[in-house]
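Engineer: Take a look at the following structure, please.
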Amino acid sequence: MKTQTTARISAAEPMSGAALPWPRGRAASVCLVLAVGLLDALVALVAIGASSWLPQGGLPADPWLAARAGLAPVTAFGTAGFLLLRRNRPVAAAALTAALGLASFSGLAFFLALYHLGKRRSFAPAAALAVASAALTVLDDLMLNGPAGGRPPAELVAAFVLLLVLLAAVCAWGAYRGQRLRTLEALRQRAEAAEAAHAADAGRIRSAERQRIAREMHDTIAHRMSQVAVQAAALELTATDKDTAGTAAAVRGSARKALEELRGVLGVLREDALPDHRQAAPGLGELPGLIEGWRSAGLLVEAGPLPADAVPPAVGRAAYRIVQEALTNAARYAPASTVTVTLTAGPGTLEVAVENSAAPPAGELPGAGLGLVGVAERVRALGGDLRHGPVPGGGFRLYARLPWEER
């Protein structure tokens, strides 16, 4: 999880308007080491300059103390390099920075290493190092100033307690930050798991609903259409005249075609359907058959040639359904009218126009009343326009413009 989080952060692009992106990964660690090293060296210089054991205008007479004071800024700067171990070897980093910080009269690197120990909840090593560092610091002060110029015991105890409280505060702050990061990570994982579970539940609900719809359609519409096909076939065989037999044959063919299309719809609804049950939706190539079917049923249909230009399959399917709905409505409301079907293809656009002439009113056949709603949804999904309504002199016109992106 930490690796993924680091990868996401390092891949983040800098915000627009920022002069320079904040360094990430190893570059950030190097910058941190350099900054802490410089600050530690500055602290060492200030501590040595303010000390009471340093002779004015020179170094101490003790060669060991003189070498320690002279090399303190360099040692303090180099101590920060051990912070590079704070992620893989946090205890070793804290121990080394504590020892070298004491030797160089500084301690910022140790504070940062102790912060990382608390962040990783390594409380036992952190407590041991904090107590040892505070005790050794007080002991070092006592040795440098000597018993004569040293502080009173009560003041030394107070310094020890104060330093220990400071180190404990640094460790506690690291523990708080680490716990906060772990809590945020746990909440993020929980949110992702809840989102995945919700998506899975929604998928199961949709699948169950699709299965239920498929069963209902199969048990009602498919059975009824099968009865229509069987009755039409019987009427065709027993008809006494050619007109009745032809009409019965047309009804049987329409019922068979409807059953084939219904089987394709059921195959789409059923996710476990066999590939041969998933029939392709009709397009422009099936329009002549649709028009001939309505002509056989007695509807007067005039249609021009199909567009010669290639049309995307989605646009062809929408055009087929538009013409199908328009012819169905004409047969329901004006069966004695003449219907004109026109398809015109332009650059990136297919225009579909279906218009029926005025006709005497006829008895309305039952319907769902949602045909034009479905047509409007298809056209809107393609980003097209749909207009329909009565025309002067009687009749009804449906016009749709179906665009697509040319490549």
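The values are calculated or read from the model by the stated rules, or taken from the named source; none is laboratory data. This one's a predicted model, so the numbers in the text were calculated from it and none came from an experiment. As a convention, Cβ positions derive from the backbone with ideal geometry for all residues, glycine included, and neighbour counts pool all protein chains shown.
Engineer: Kindly indicate whether any position in segment 28-35 is loosely packed, with under 14 Cβ neighbours inside 10 Å, part of a helix (DSSP H, G or I), among the hydroxyl-bearing types (Ser, Thr, Tyr) and at pLDDT below 75. If you could, list the steps in order and put the result at the bottom.
Structural biologist: Filtering segment 28-35 down to residues loosely packed, with under 14 Cβ neighbours inside 10 Å leaves 28, 30-31, 34-35.
Remaining after also requiring part of a helix (DSSP H, G or I): 28, 30-31, 34-35.
If we keep only those that are among the hydroxyl-bearing types (Ser, Thr, Tyr) too, we end up with none.
Checked segment 28-35: no residue is loosely packed, with under 14 Cβ neighbours inside 10 Å, part of a helix (DSSP H, G or I), among the hydroxyl-bearing types (Ser, Thr, Tyr) and at pLDDT below 75.
Every residue, every condition in (1) at pLDDT below 85; (2) closer than 16 Å to ALA353 by Cα; (3) touching a strand residue (DSSP E or B) at 6+ places or on another chain (Cβ under 6 Å), yes or no:
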| position | (1), (2), (3) |
| --- | --- |
| ALA273 | yes, no, no |
| ARG295 | no, no, yes |
| ALA303 | no, yes, yes |
| PRO307 | yes, yes, yes |
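Engineer: Can you name the number of the only condition in (1) under 48 Å from the mean Cα position of the chain (by Cα); (2) closer than 30 Å to GLY107 by Cα; (3) not aromatic (Phe, Trp, Tyr) that ARG210 fails?
Structural biologist: The failed condition is (2).
Engineer: Another question about this same structure. What do you reckon, is LEU237 more than 16 Å from ALA214 (Cβ to Cβ) and either in a helix (DSSP H, G or I) or among the acidic types (Asp, Glu) (or both)? Full working, then the answer.
Structural biologist: Details: more than 16 Å from ALA214 (Cβ to Cβ): yes; either in a helix (DSSP H, G or I) or among the acidic types (Asp, Glu) (or both): yes.
Against the criterion (more than 16 Å from ALA214 (Cβ to Cβ) and either in a helix (DSSP H, G or I) or among the acidic types (Asp, Glu) (or both)), LEU237 qualifies.
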